[in-house]
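Beneath this line is the structure, given in structure tokens, with notes to follow.
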Amino acid sequence: MRKNVVKDKSFSFAIKVVDCYKDLAQEKNEYVMSRQLLRSGIAIGALYREAEFAESKKDFIHKLSIAQKECNEALYWLDLLHETNYLDKEIYTKLNNKATSLIKLLTSIIKTTKNNY
């Protein structure tokens, strides 16, 4: 069975985002921005899983496009949390790199699917 890179990376990212949320809530009492990061960060993998069983190519593209938007939103919250000193550079860099990798993969899949559609 082939390994699904996007599925694995989005799930791994979601785990890291959950850990980050727990840390921000427990250690720094930050609930608003971290909750937004949590919501957008875990949505990426869920939307990808939905896309696996899309009803059509158009539906597949649509679901991945929403996952792409959620990933971009997660990047925004990471930037904001870092710039407001809630996230240290090390955690920010790790999460930012994972999200950037994911958004590149999603963009590539969307473009390829559109070209083959």
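Each reported figure results from applying straightforward, stated rules to the coordinates on display, with no laboratory input. Every value quoted in this text rests on a predicted model; they were computed, and no experiment measured them. Because the Cβ atoms are built from the backbone with ideal geometry, glycine has one as well, and the counts that use them run over all protein chains shown.
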Kindly provide the chymotrypsin sites (Phe, Trp or Tyr not before Pro) of region 19-77 that DSSP labels as loop, not H, G, I, E or B, and whose Cβ sees at most 13 other Cβ atoms within 10 Å. Tyr31, Phe53
Which of Gln68, Val5, Thr112 sits farthest toward the positive end of the charge dipole of the chain, with +1 on the Cβ of Lys and Arg and -1 on the Cβ of Asp and Glu? Thr112
Here Rg/Rh (Cα, Kirkwood) for region 5-116 equals 1.02
Note, Thr112: beta-carbon cut-off 14 Å, +1 each Lys/Arg, -1 each Asp/Glu, net +4
In percent, how large is the relative contact order of the chain, given Cα pairs closer than 8 Å and 6 or more residues apart? 28 percent
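Which net charge results for the neighbourhood of Arg49, defined as the other residues with beta-carbon distances under 11 angstrom from its beta-carbon, given Lys and Arg at +1 and Asp and Glu at -1? Walk me through the intermediate numbers first.
On the way: positive: Lys7, Lys63; negative: Glu50, Glu52.
Overall, the nearby charge balance is 0.
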What are the trypsin sites (Lys or Arg not before Pro) within region 1-93 that DSSP puts in a loop, where the Cβ has at most 12 other Cβ atoms within 10 Å? Arg2, Lys3
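Residues with beta-carbon under 14 Å from that of Gln36, excluding Gln36: net charge, scoring Lys, Arg +1 and Asp, Glu -1?
On the way: positive: Arg35, Arg39, Lys69; negative: Glu30, Glu70, Glu73, Asp79.
Within the 14 Å Cβ shell, the charges total -1.
Using only helices, what value at 222 nm comes out for the chain when you add -39,500 (n - 2.57) per DSSP H run of length 4 or more and divide by the total residues, to the nearest 500 deg cm²/dmol? List each step's numbers first, then the result.
Numbers: 4 runs with 99 residues, N = 117.
That calculation yields -30000 deg cm²/dmol at 222 nm.
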About the Cα centre, and with charges only on the beta carbon of Lys, Arg (+1) and Asp, Glu (-1), how big is the dipole of the chain? Nearest 20 debye, please. 600 debye
